[in-house]
1. Hey, if you put +1 on the Cβ of every Lys and Arg and -1 on every Asp and Glu Cβ in the chain, which of Thr245, Ala310, Pro330 ends up farthest toward the positive end of that dipole?
2. Past 31 Å, Cα to Cα, is the threshold; run Lys112/Lys324; Lys217/Lys237; Lys110/Lys271; Lys110/Lys237; Lys185/Lys217 against it and keep the listed order.
3. Answer rounded, prolate or oblate for the range 66-206, using the Cα gyration tensor with square roots of eigenvalues a ≥ b ≥ c: rounded when a/c is under 1.5, else prolate when a/b is larger than b/c, else oblate.
4. Between helix 267-293 and the chain, what is the angle of the helix's C-alpha long axis to the longest principal axis, kept within 0 to 90° and rounded to the nearest 10?
5. Out of Leu293, Thr121, Trp50, whose Cα points farthest toward the positive end of the dipole of the chain (charges: +1 Lys, Arg; -1 Asp, Glu; placed on Cβ)?
6. Of the options Val146, Gly22, Gly70, report the single residue whose Cα projects farthest towards the positive end of the charge dipole of the chain (beta-carbon charges: Lys, Arg +1; Asp, Glu -1).
7. Angle, helix 86-97 long axis vs. longest principal axis of the chain, Cα atoms, 0 to 90°, nearest 10?
8. What are the chymotrypsin sites (Phe, Trp or Tyr not before Pro) within the range 148-203 that DSSP puts in a loop, where the Cβ has at most 16 other Cβ atoms within 10 Å?
Amino acid sequence: LPRVLSGIQPTADSFHLGNYLGALRQWVALQQDHEAFYCVVDLHAITVDWDPETLRRRTLVSAAQLLALGVDPARSTLFVQSHVPEHVQLSWVMESLARFGEASRMTQFKDKSQREGAAGTSVALFTYPVLQAADILLYQADRVPVGEDQRQHLELTRDLATRFNNRFGTSFRLPEAHIVQGTAKILDLQSPDKKMSKSLPPAGCIDLLDDPKVTGKKIRSAVTDTGREVVADPEGKPGVTNLLTIHSALSGRSVGDLEEHFAGRGYGDLKKELAEVVGDFVTPVRGRTQELLDDPAELQRTLAQGAARAREVAGRTVADVYDKVGFLPPT
Ligand code: TYM
């Protein structure tokens with residue numbers, strides 16, 4: 001079976017609809033016909049300021065949400081990144097192959113460091129994409145389901161893998177980004193010129209674990225565009241188009257079908273119906289997440305099993321790499 005790997009940061013108390021439609025929905029779909037490895041990337045989460053207790057709680061809540069959304073531990077290896085020390089072991093080798101120049105070109109680092117000033121950001125924020133490359137290459141992933149914002153990191157991953165293979169002999173499969181058109185960049189409801197994200201004010205971001213009343217309010221106050229017709233037009237009507245995209249992804253109806261459905265009706269009708277569609281989706285997810293969190297010991301057992309399985313695969317890659325780069329074996 002082809003392999004798939006992806007990761008998500010436990011940097012919030014809830015995932016948002018952009019995470020789900022851009023990436024997590026594909027995680028669930030791909031596990032049907034791939035050998036899947038999915039991880040909560042807590043190592044990545046400490047590249048910006050963090051609180052230890054909050055991180056621990058969010059790591060568990062993240063795992064619960066992934067299960068609630070449909071990641072099936074019988075099919076997929078679900079684990080926490082820090083439980084698998086091979087990620088750090090491979091990352092160091094990759095850092096030695098990565099060039100300062102190419103890491104400097106990563107736009108996500110540029111954006112994040114611009115906010116605080118590069119001098120004050122952690123060194124780990126800078127090397128973050130190299131750790132991400134290690135995450136992917138450890139498992140020989142063929143496909144990596146992510147949103148549009150991760151495309152550049154996938155290109156870096158392929159460059160590093162190619163560099164290693166050319167210099168030391170082939171150890172890595174070249175992974176492909178699995179980016180689904182249409183939902184790869186869900187926009188913020190208040191600033192539909194930006195991607196939905198935790199770093200913007202909460203009014204524009206639909207959290208999966210939000211109370212549906214809050215969600216409904218956020219949708220009803222979403223920024224729409226001039227004009228009155230409910231039609232998709234990414235350039236002229238980014239706000240309305242975003243709402244149609246979300247509706248279509250969750251209801252399974254095509255955007256064209258929805259345009260017909262809303263013909264002669266206004267933005268208010270679209271928002272009202274979308275609030276229902278989103279509510280119907282998130283309500284059971286919230287319930288299942290809560291149930292899973294009621295039994296943290298069971299959740300941790302699932303994660304421990306995942307980590308053990310992940311280490312089998314990751315350990316083989318690290319052994320091969322450490323041998324090829326010339327590290328003296330310990331025995
Ligand atoms: P993270 O934790 O920021 O986001 C998780 C996933 O959600 C996608 N995403 C979106 N998709 C569509 N619209 C949006 N508004 C939106 N916001 C977020 C992201 O593209 C991502 O797929 N660096 C990664 C985590 C990572 C990883 C990995 C991913 C670490 N190692 C290995 C894949 C493979 C990140 O910060 O994602």
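Just so you know, all these numbers are worked out from the coordinates, no wet-lab data involved. The structure displayed is predicted, hence computed values, not measured ones. Glycine gets a Cβ as well: all are built from the backbone with ideal geometry, and neighbour counts include every protein chain shown.
1. Pro330
2. From Lys112/Lys324; Lys217/Lys237; Lys110/Lys271; Lys110/Lys237; Lys185/Lys217, over 31 Å: Lys112/Lys324; Lys110/Lys271.
3. Note, shape of the range 66-206 comes out oblate.
4. 40
5. Selected residue: Thr121.
6. Checked the options; the winner is Val146.
7. 80
8. none
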